[in-house]
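First the structure, in the form of structure tokens, and then the observations on it.
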Amino acid sequence: MTRRPLPIEPVSELGPLLRIAGPVVLAEIGWMGMGLVDTLFVGPLGPAAIAAVGMSSSVFTALAIFGMGLMLGLDTLVSHATGAQRVDDGLDWLRHGLTLAVIVAPVVMLAAAVAALTLGSWHLNADIAALARPYLLVITLSALPLLLYAACRRYLQGMHAVAPVMAALLTANIVNAAANAVLIYGRFGVPALGVTGSAWATTIARVYMAAFLWLAIRREHRRRGIEPGRIGLGRQPERLRRLLALGVPAAGQITLEVGVFTLATTFAARLDTVQAAAHQIALNIASVIFMVPLGLASSGAVRVGHAIGADHIDRARRAGWTAITVGLVVMTVLGLLLFLAPTPLLRPFTTDPAVLALGVRLLAVAAAFQLFDGTQAIATGVLRGIGDTRTPMAVNVVGHWLLGLPVGYLLCFNADWGVIGLWVGFLVGLASVSVVLLYTWSRRTRPSTSGPAPRR
């Protein structure tokens with residue numbers, strides 16, 4: 001009797017994916033939660049304060065995200081090394097990630113300082129600009145700890161050690177909230193710093209995050225019996241070049257995507273304070289929801305990369321499709337939540353009736369693009385797992401900058417749709433990017449081909 005081969009179980013990657021994705025999603029929510037905490041604490045200061053913190057924080061993030069994006073190559077390289085059981089190789093990638101952080105941080109700080117000093121030429125609402133400048137100058141100081149945190153985080157995720165990343169972000173929110181309460185309004189003899197106090201609180205929290213993950217790495221090494229010796233800086237130019245070969249396109253992609261939302265936020269800041277505040281609050285809510293597919297993207301990248309490192313091409317394919325499918329289901333549910341229950345989500349941030357009314361309309365548009373947003377994020381992650389970081393960057397240029405942003409600008413200012421027009425532009429850009437990236441993953445991983453080929 002001929003023995004038939006056992007069928008491949010399509011959900012065989014579901015358990016491992018969710019074990020990584022759960023803590024990573026919570027970590028991403030914790031990351032975004034820091035922005036929410038800042039918004040909640042400055043909320044009583046008025047719509048101008050909300051818009052100023054959101055706009056200046058977005059500007060800094062758009063600059064810092066490129067440096068953090070350079071570390072995304074560690075997802076691929078460390079997971080490949082872990083899959084192939086090359087511990088020393090993974091440690092070397094950590095050292096060179098730390099080197100990259102030290103090199104890039106001064107560049108980010110200089111760019112942020114220039115942005116702060118030139119805000120007067122951005123045609124912003126005067127009330128918003130006056131509060132945004134000092135906030136941006138202070139938050140610039142968080143660049144180095146933020147980049148060191150990013151390198152440590154990617155290393156731990158590549159090793160499948162995601163619990164410390166979650167713990168770092170969740171506890172950092174407690175640090176941030178406590179510092180906000182003291183520094184914004186003045187407590188325990190500390191003078192009230194207002195909006196600028198929120199920037200100092202976030203900087204303190206980011207120093208805490210970097211220190212937490214550094215200690216977590218040492219603890220993880222002891223737990224696994226790894227003798228790393230001194231974890232200093234890497235000095236091999238070839239390793240830096242390989243890290244940059246993956247990191248630069250990945251950083252470009254995420255910077256381009258974040259840059260679109262940042263530029264749209266500066267456009268919103270040209271409008272009245274109600275529209276600017278509603279935009280910022282709705283964007284905060286949509287960004288928290290986006291942390292779910294972003295976490296799935298990171299876990300999908302690690303699972304795909306681990307399979308590639310172990311030369312299990314079929315497992316890599318299953319891991320990618322599992323992440324995409326889970327994302328589609330989750331984002332459908334979250335999109336319905338935005339559409340059916342917007343007011344309870346908005347009310348913690350403001351009681352202003354005009355801001356609430358406009359926020360409801362913005363969240364209806366956000367509900368429409370949840371599937372597209374989730375799909376493009378996860379497809380980007382699983383493509384990164386096989387070493388393709390260039391395609392998402394190119395697709396983002398076309399979809400967001402050449403299509404979505406121009407549409408949003410025209411609808412906002414030429415068609416007089418206001419901030420609603422900017423959000424329709426988001427919808428157009430995200431839809432186009434998601435379709436192309438999903439097709440790319442499908443084509444690159446067809447069973448009839450030789451499978452996804454990692455760029456080593």
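One table, with the values for the structure above:
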quantity: Complete set of residues in the stretch 410-428 that are part of a loop (DSSP other than H, G, I, E, B) and open to solvent by less than 50 Å² (accessible area, probe 1.4 Å); calculated: 415, 418
quantity: Residue within the stretch 173-190 that is within 22 Å of residue 251 (Cβ to Cβ), within 18 Å of the chain's Cα centre (by Cα) and in a helix (DSSP H, G or I) present; calculated: no
quantity: Matching residues in the stretch 35-49 - criterion: being closer than 15 Å to residue 126 by Cβ and open to solvent by less than 10 Å² (accessible area, probe 1.4 Å); calculated: 49
quantity: Qualifying residue in the stretch 207-215 (condition: of a type in the set (Ser, Thr, Tyr), modelled with pLDDT under 90 and in a helix (DSSP H, G or I)); calculated: no
quantity: Any pair with Cβ under 7 angstrom, 6 or more apart, that starts in the stretch 369-388 at a residue that is under 13 Å from residue 431 (Cα atoms) and ends at one that is among the hydroxyl-bearing types (Ser, Thr, Tyr) and crowded, with 24+ Cβ neighbours inside 10 Å; calculated: none
quantity: First in the stretch 330-355 and farther than 25 Å from residue 44 by Cβ, second anywhere and open to solvent by 50 Å² or more (accessible area, probe 1.4 Å), Cβ under 7 Å, 6 or more apart; calculated: 331/371; 332/371; 335/371
quantity: The stretch 1-35, residues that are at pLDDT below 75, over 19 Å from residue 377 (Cβ atoms) and in a helix (DSSP H, G or I); calculated: none
quantity: Hits in the stretch 181-190 (condition: at pLDDT below 90 and open to solvent by 30 Å² or more (accessible area, probe 1.4 Å)); calculated: 185, 187, 188, 189, 190
quantity: Some residue of the stretch 227-244 being of a type in the set (S, T, N, Q), assigned to a loop (DSSP other than H, G, I, E, B) and in contact (Cβ under 8 Å) with a residue 60 or more places away in the chain; calculated: yes
quantity: Only listed residue being over 20 Å from residue 92 (Cβ atoms) and in contact with a Gly (Cβ under 6 Å, 6 or more places away or on another chain), chosen from 169, 147; calculated: 169
quantity: Answer from 310, 316 - the residue that is in contact with a helix residue (DSSP H, G or I) (Cβ under 7 Å, 6 or more places away or on another chain), buried (at least 20 other Cβ atoms within 10 Å of the Cβ) and in contact (Cβ under 8 Å) with a residue 24 or more places away in the chain; calculated: 316
quantity: Positions within the stretch 21-78 being among the polar types (S, T, N, Q) and closer than 22 Å to residue 100 by Cβ, in sequence order; calculated: 61, 76
quantity: Residues of the stretch 89-121 that turn out to be in contact with a Ser or Thr (Cβ under 6 Å, 6 or more places away or on another chain) and within 14 Å of residue 55 (Cβ to Cβ), as a count; calculated: 1
quantity: Test: residue in the stretch 280-300 that is of a type in the set (S, T, N, Q), within 12 Å of the chain's Cα centre (by Cα) and open to solvent by 10 Å² or more (accessible area, probe 1.4 Å); calculated: yes
quantity: Within the stretch 285-329, considering residues that are more than 21 Å from residue 162 (Cα to Cα) and not in a helix (DSSP H, G or I), the one modelled with the highest pLDDT; calculated: 312
quantity: In the stretch 50-69, the residues that are closer than 14 Å to residue 146 by Cβ and open to solvent by 10 Å² or more (accessible area, probe 1.4 Å); calculated: 57, 61, 62, 63, 65, 66, 68
quantity: Tally, over the stretch 191-229, of residues that are closer than 23 Å to residue 134 by Cα, more than 23 Å from the chain's Cα centre (by Cα) and open to solvent by 30 Å² or more (accessible area, probe 1.4 Å); calculated: 4
quantity: Whichever residue in the stretch 358-408 is open to solvent by less than 20 Å² (accessible area, probe 1.4 Å) and either of a type in the set (Ser, Thr, Tyr) or in a loop (DSSP other than H, G, I, E, B) (or both) and, among such residues, is nearest to residue 292 (Cα to Cα); calculated: 375
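Matching residues to (1) over 21 Å from residue 445 (Cα atoms); (2) charged (D, E, K, R):
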| residue | (1), (2) |
| --- | --- |
| 307 | no, no |
| 311 | no, yes |
| 321 | no, no |
| 328 | no, no |
| 338 | yes, no |
| 341 | yes, no |
| 361 | yes, yes |
| 381 | no, no |
| 385 | no, no |
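The values are calculated or read from the model by the stated rules, or taken from the named source; none is laboratory data. Since we're looking at a predicted model, the values are computed, not measured. Quick reminder, even Gly has a Cβ in these numbers, built from the backbone with ideal geometry, and neighbours come from all protein chains shown. SASA here: full protein model, heavy atoms, side chains in, ligands and nucleic acids out. Shrake-Rupley method; radii C 1.70, N 1.55, O 1.52, S 1.80 Å.
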